[in-house]
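Visitor: A single structure is presented below for examination.
Just so you know, all these numbers are worked out from the coordinates, no wet-lab data involved. Predicted, not measured: the structure shown is a model, and the values here were computed from it. Every residue, glycine as well, gets a Cβ built from its backbone with ideal geometry; the counts of neighbours run over all protein chains shown.
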Amino acid sequence: MKAIYILWLRQLKRYVRSKQRMFASLAQPILFLLAFGFGFGSVFAKAGEGNYMQFLASGIICMAIMFTAVFSGIEIIWDKQFGFLKETLVAPVSRFNIMLGRTLGGATVAVLQGIIVLLITLLVGFKPNWSGFPLAFIFMFLLSLFFTAFGTMLASKLDDMQSFPLIINFLVMPLFFLSGALFPLTGLPGVFTTIVRFNPLSYAVDGIRGALTGAPVFGFGLDALVLCAVTFVCLWIGAEFFKRIQA
């Protein structure tokens, strides 16, 4: 447990010290929030769907968490190349605890980033149901844990730092655009409905949006069940990959 705490604390210190990284990771969510929120707000209202900013904010929060969480995996490749990971792996600590500590640290950082974006959405008109924030926080943490484990899983098999962001963008961007973060899930063509239902990010977006605005589509129970299941799978596979890294 001590090793997990130390690695968790190390990830937080990295986040706090890297102010450039902190602010740079906010640029994309803010751009999407402003461009889509104000660009399509009138179209959304004319379609009879109400306030688009009220709908969009939860998706942008998920976006901020997702990218921060998944890109935390690149630190493993960085540590591989510069020998820092070797020093950690030779320590008398199980590799599962090392992987779990790094994952929890990356997930905590991603949740903090999501909370910052939530506060930013308030400045552009988002009015959340604060009584649902504790439930939203649980979904935010599950989402961050899933994508941190996913990023760690991929990084454990890669040695090229430049290929990691390319692979991540190839995998993550379709998940984001087909999750219901930017558009309602009702009235979609059959094939898109099927894709959305097989997309784990859809359940995170639905859970957070439902908690903050009171409009879940799948239901909180199913949202939580799917996120817990995919998080467990990624943690298990990631732990197996991490154990095989050569010290």
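Visitor: Mind listing which chymotrypsin sites (Phe, Trp or Tyr not before Pro) in the stretch 138-233 are in a DSSP loop and have 15 or fewer other Cβ atoms within 10 Å?
Guide: Phe198
Visitor: Size of the dipole of the stretch 2-243 about the Cα centre, Lys and Arg at +1 and Asp and Glu at -1 on the beta carbon, nothing else charged, in debye to 20?
Guide: Charge dipole, the stretch 2-243, about its Cα centre: 560 debye, nearest 20.
Visitor: Quick one: Cα centre-to-centre distance for the stretch 23-43 and the stretch 104-144, in angstrom?
Guide: Centre-to-centre (Cα) distance: 17 Å.
Visitor: Considering lysine pairs in the stretch 2-243 that are 8 or more places apart or on different chains, how many have Cα atoms under 18 Å apart? Intermediate values should be presented prior to the final figure.
Guide: On the way: Lys2/Lys13; Lys80/Lys157; Lys80/Lys243; Lys86/Lys157; Lys86/Lys243; Lys157/Lys243.
Lysine pairs meeting both conditions in the stretch 2-243 amount to 6.
Visitor: Just in the stretch 151-235: which trypsin sites (Lys or Arg not before Pro) are loop by DSSP and have at most 16 other Cβ atoms within 10 Å? All intermediate terms of the calculation are to be shown ahead of the outcome.
Guide: Values: sites: Lys157, Arg197, Arg209; in loops: Lys157.
Those that pass, being in a loop and sparsely packed, are Lys157.
Visitor: How large is the Kirkwood hydrodynamic radius of the stretch 2-243, in angstrom, based on all distinct alpha carbon pairs? Spell out each step's value before the answer.
Guide: On the way: mean 1/r = 0.0545 Å⁻¹.
About 18.3 Å for the stretch 2-243.
Visitor: Let me ask another. Show me the three semi-axes of the equivalent ellipsoid for the stretch 113-175, from the C-alpha gyration tensor (sqrt of 5 times each eigenvalue), largest first, rounded to whole Å.
Guide: 31, 14, 9
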